[in-house]
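S.K.: First the structure, then my questions, so here it is.
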Amino acid sequence: MVTAILLMNVERSRINAIAEDLAARKGVSEVYSVSGNYDLVALLRVDNNEEMARLVTEELAGVDGIEHTETMLAFRAHSRHDLEAMFSVGS
């Protein structure tokens, strides 16, 4: 599984419409409207790098109203659940 975080600046009047459009697409697991330097953050999860490249550079790049993006590929997930499993002694 390949995971990426997509940070987006979008047309202000279209934030909700773009978020709903993105959330309905295969490979987009979650979309958040956020405060700060970006308007939307999407979590992308696909099976391989080729699918990620297609999703980001072909499909999402063509969404009208997205003005700027920054894409970060995730290397490793660190969660409370993962850390507890690492340090548990016997089960």
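The values are calculated or read from the model by the stated rules, or taken from the named source; none is laboratory data. In this text the structure is predicted, and so the values were computed from the model without any measurement. These area figures cover heavy atoms from the full protein model, side chains too; ligands, DNA and RNA do not enter into them. Shrake-Rupley method; radii C 1.70, N 1.55, O 1.52, S 1.80 Å.
S.K.: Using Cα springs under 10 Å in a Gaussian network model of the chain, which residue among L73, L22, L43 shows the largest mean-square fluctuation?
M.R.: Ranking L73, L22, L43 by mean-square fluctuation puts L73 first.
S.K.: With an 8 Å cut-off on Cα pairs and a minimum separation of 6 or more residues, tell me the relative contact order of the chain in percent.
M.R.: Once divided by the residue count of the chain, the mean separation gives 40 percent.
S.K.: Right, next: If I compute solvent accessible area with a 1.4 Å probe over the protein chains, what percent of it on the chain is carbon and sulfur?
M.R.: 50
S.K.: Figure the gain on full extension for E59 and I5 (residue separation times 0.36 nm, minus the Cα-Cα span) and round it to one decimal in nm.
M.R.: Between E59 and I5, full extension yields an extra 17.9 nm.
S.K.: Could you check which residue among V63, V28, V41 shows the biggest mean-square fluctuation in a GNM of the chain with a 10 Å Cα cutoff?
M.R.: Maximum among the listed residues: V63.
S.K.: Of the candidates N49, N16, N37, which one comes out as most mobile in a Gaussian network treatment of the chain with C-alpha springs shorter than 10 Å?
M.R.: Per the Cα network of the chain with a 10 Å cutoff, N37 tops the list.
S.K.: Once you wrap a convex hull around the alpha carbon atoms of the range 22-78, what is its projected area averaged over all directions, in nm²?
M.R.: In nm², the orientation-averaged hull projection of the range 22-78 is 4.5.
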